[in-house]
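Shown next, in structure tokens, is the structure this report addresses.
The values are calculated or read from the model by the stated rules, or taken from the named source; none is laboratory data. Since this is a predicted model, take the numbers as computed values, not measurements. With ideal geometry, Cβ positions are generated from the backbone for all residues, glycine too; neighbour counts draw on all protein chains shown. The area values use the complete protein model at the heavy-atom level, side chains included, leaving out ligands, DNA and RNA. Shrake-Rupley method; radii C 1.70, N 1.55, O 1.52, S 1.80 Å.
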Amino acid sequence: MTYDINKIREDFPILSRSVYGKPLVYLDNGATTQKPRCVVEAMVDEYYNVNANVHRGVHFLSQQATDLHEASRETVRRFINARSISEVVFTRGTTESINLLAFSFGEAFVGEGDEIVVSTMEHHSNIVPWQLLCQRKGAKLRVIPMTDEGRLCMDEYEKLLNPRTRIVCCAHVSNVMGTVNPVEDIIRIAHAHDVPVLIDGAQSTPHFSVDMQALDCDFFAFSGHKVYAPTGVGVLYGKEEWLDKLPPYQGGGDMIKTVSFERTTFNALPYKFEAGTPDYVATHALARALDYVSAIGMDNIFQHEQSLTRYARQQMSQIEGMKFFGPSDDAVISFQVGDIHHLDMGTLLDRLGIAVRTGHHCAEPLMRRLGIEGTCRASFALYNTTEEVDALVAGIKRVAMMF
Ligand code: PMP
């Protein structure tokens, strides 16, 4: 298939708007992606024509909304190649998925003196929930170190694992450096020590296909809004044999089988972890977003973004004073130019219509390891073009000239 970028861009109305009288160049996709028409229309259509609370309803609309919601679960299952829909828990996003796991896993399996392994390059949402758990239980956080190039020290990783290690939690792709971590090795080594692994897939799911059965991770979290779906919906994948052993996270409607004041029994998987009314409009829209990227083809998206990232690194490397942070294996480039503060760079690029992200990117421990306060980050999506990369490069040069 040829990658028809013009046709793709037409699917995203926001891309044709301007800011400060300049055409928008949106390069903040690592934070969130724009939404294609089909996703927004699915939401509008559901609110206009279907809306009713899911499950429990005998009436027509409730059944139709439930069908859409549950069909979406199957779409997610297929997209990540989980074995069964029992393994697909809907959440509000990666952050909630990890909090759910840290709580439930922690309740069942973590005690005083136990150890949780995370990596240097984790997003705060894959550090703080584990830290809170450690504080509750008297457990210890252990950290996989990183090389100056932004890669995990795998020898050191293996040495961290011991009989007190309860779980390993690691990003698939770094949201700051675009490092694609060797998660297959991380999982294989952990399993050799009988330790389960959570992969934070927030930055991998939008860029290349992920396969739960091939990866063999025990848990996997991602956010809908980073993969062209609305905000407020995400997924926790967990192997059924693990989810079965975990206690519920929140209590409420839907997660129960029977309730009395003496005793409550819990619903089957995955509902045991889904208390309260789910954002069923968002789950449906998530399915439409996954259909959308699947129709383009994750491999085609990967190729497009790879060539864009390589082109951008190559063009940017010719700018005087350019310094990159990390290898940008995937669609993320963190940089600084000379001693221009990242905030100044971001603010001035914005005036040129170019949206990049600046700051610590919710990875303060990583910033400390890199010895910096923050970076400028350009991150690409399936709709970005080489012309937009050229605009970024020209913009950076213009800002650099002002200093
Ligand atoms: N992990 C990584 C690697 C991320 O990039 C992000 C979002 N920046 C998150 C977790 C948190 O995702 P959310 O805010 O959608 O819960």
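Computed over the chain, the range of Cα coordinates on each principal axis works out to 72, 55, 36 Å, biggest value leading. Which values of log₁₀ I(q)/I(0), to two decimal places, follow from the Debye formula for the range 143-188 at q = 0.23, 0.27 Å⁻¹ with a uniform point scatterer at every Cα? Results for the range 143-188 at q = 0.23, 0.27 Å⁻¹ read -0.87, -1.14. Put +1 on the Cβ of every Lys and Arg and -1 on every Asp and Glu Cβ in the chain; which of M401, L198, A331 then has its Cα farthest towards the positive end of the dipole? Result: M401, furthest along the dipole toward the positive end. Here each label is just a point 7 Å from Cα along the line to Cβ, and for E74 and E184 those points are 3.1 nm apart. Remark: the range 284-301, residue by residue, has Karplus-estimated 3J(HN,Hα) of 5, 5, 4, 4, 5, 5, 5, 4, 4, 5, 5, 5, 6, x, 4, 5, 5, 4 Hz, where x stands for each Gly or Pro and the curve is 6.51 cos²θ - 1.76 cosθ + 1.60 at θ = phi - 60°. Considering only V89, C169, V259, and ranking their Cα positions along the charge dipole of the chain that arises from unit charges at the beta-carbon of Lys, Arg, Asp and Glu, the one farthest toward the positive end is V259. A 1.4 Å probe, protein heavy atoms only, puts the accessible area of H193 near 70 Å².
If you place +1 on the Cβ of every Lys and Arg, -1 on the Cβ of every Asp and Glu, and leave all else neutral, what size is the dipole of the range 136-203 about its Cα centre, to the nearest 20 Debye?
540 debye
As a calculated quantity, the FRET efficiency between H193 and D344 at R0 = 45 Å, using C-beta atoms, amounts to about 0.45. With the convex hull of the Cα atoms taken as the outline of the range 194-256, the averaged projected area works out to 5.6 nm². When we measure straight from the Cα of K137, which aspartates and glutamates land under 12 angstrom away, once same-chain ones fewer than 8 places off are left out? Counting by Cα, and skipping residues close in sequence, K137 has these aspartates and glutamates nearby: E107, E112, D114, E115.
Charge tally around R92: other residues with Cβ under 12 Å, Lys/Arg +1 each, Asp/Glu -1 each, net -3.
Considering only H304, L343, A378, and ranking their Cα positions along the charge dipole of the range 275-403 that arises from unit charges at the beta-carbon of Lys, Arg, Asp and Glu, the one farthest toward the positive end is L343. Here the chain is treated with +1 on each Lys and Arg Cβ and -1 on each Asp and Glu Cβ, and its dipole about the Cα centre works out to around 580 debye. As a ratio to 2.2 N^0.38 Å, the alpha-carbon radius of gyration computed for the range 1-100 takes the value 1.40.
Note on the chain: helix-only mean residue ellipticity at 222 nm, from DSSP H runs of 4+ residues weighted -39500 (n - 2.57) and normalised by residue number, equals -12500 deg cm²/dmol. Peptides 49-60, 247-258, 210-221 ordered by packing proxy, namely the average of other Cβ atoms within 10 Å per residue, highest first: 210-221, 247-258, 49-60. For K323, the lysines whose Cα comes closer than 21 Å to its Cα, not counting residues fewer than 8 places off in the same chain, are K397. DSSP finds beta bridges in the chain, and of those with both partners inside it, around 60 percent are antiparallel. When only the Cβ of Lys, Arg, Asp and Glu is charged (+1, +1, -1, -1), the dipole of the range 157-245 relative to its Cα centre reaches about 300 debye. Determine which aspartates and glutamates satisfy two conditions relative to K257: a Cα distance under 16 Å, and not lying fewer than 8 residues away in the same chain. Partners within reach: D244, E274. In the range 181-229, one over the average inverse separation of all distinct C-alpha pairs is 11.4 Å, which is the Kirkwood hydrodynamic radius. When the pairs K159/K239; K7/K35; K245/K272 are compared against a 23 Å limit on Cα-Cα distance, K159/K239 fall above it.
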